[in-house]
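What follows is a short report on a single structure.
The values are calculated or read from the model by the stated rules, or taken from the named source; none is laboratory data. Since the structure is predicted, the reported quantities are computational estimates derived from the model, not experimental observations. Glycine also receives a Cβ, built like all others from the backbone with ideal geometry; neighbour counts cover every protein chain displayed. Accessible surface areas use protein heavy atoms only, side chains included; no ligands, DNA or RNA. Shrake-Rupley method; radii C 1.70, N 1.55, O 1.52, S 1.80 Å.
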Amino acid sequence: NIVGNGDVDISGAGLHNCDGLVSHVIFRDNVANNGAAIYFCDGILVDCVIEDSHGQGGAIKSSSAHLEGCTIRNNVHQYGVFDAFTGTLHDCIVTGNRADYGGAGWRGVLTADDCTFNHNYATFDGGVFFETVGHLDNCIIQDNSSGRINRDYAGRGGALWKWQGHIKDCTITRNTAV
């Protein structure tokens, strides 16, 4: 397990600059301005858990990693859990994440197949993804939301906001923008 100590790092409190295989690792309670759990990783993550990280730029930032069988949950960031992420997700669960923009992802290029995205929340726009380009195949996107911050601004895109790419054989249900 890679467990944070509560101190704020500039980037990559859990793992910084990886290029190999990371498997069966739990990244928990990491805090950083950028990439609290993982920063600048072009490796492969298999059966990992990334949870309870906090910071400005995502739990995973500036990475082009491949994640397989991973669970990414309960992370809180200003910009989605995947921030400036160019990578792939296969058979992953992304749940319970919160951000101002893009509860799960913000400004990246993403390919996801056989993944579940649920219970993610964005204060402003994109409960799951905000300004993201990518491909979603055979994914479940449900119970995500973007919220109202005041009477003059309502959240947009309970699931997806400014999405570019294709969506194939997915179930998108019970998402809200209020």
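Miscellaneous remarks
- In order along region 64-69, the Karplus-derived 3J(HN,Hα) couplings, from 6.51 cos²θ - 1.76 cosθ + 1.60 at θ = phi - 60°, round to 10, 7, 10, 10, 9, x Hz, and Gly and Pro are given as x.
- Ligands, DNA and RNA left out, the 1.4 Å accessible surface of the chain is 47% carbon and sulfur atoms.
- Per residue, in Å², the accessible surface of region 61-178 once ligands and nucleic acids are set aside, probe 1.4 Å: 42 Å²
- With contacts taken as Cα pairs under 8 Å and at least 6 residues apart, region 65-178 reaches a relative contact order of 21 percent.
- Here the mean projected area of the convex hull built on the C-alpha positions of the chain is 8.5 nm².
- Packing-based ranking of 91-98, 53-60 yields 53-60, 91-98, ordered from highest to lowest mean Cβ neighbour count within 10 Å.
- Rounded accessible area of Arg174 (nearest 10 Å², 1.4 Å probe): 150 Å²
- When the chain is treated as a GNM with alpha-carbon contacts under 10 Å, the residue of Ala36, Ala104, Ala112 showing the greatest mean-square fluctuation is Ala112.
- The residues neighbouring Gly126, those whose beta-carbon lies less than 9 Å from its own, together hold a net charge of 0 under the Lys/Arg +1, Asp/Glu -1 convention.
- Per residue, the convex hull around the alpha carbon atoms of region 73-177 comes to 71 Å³.
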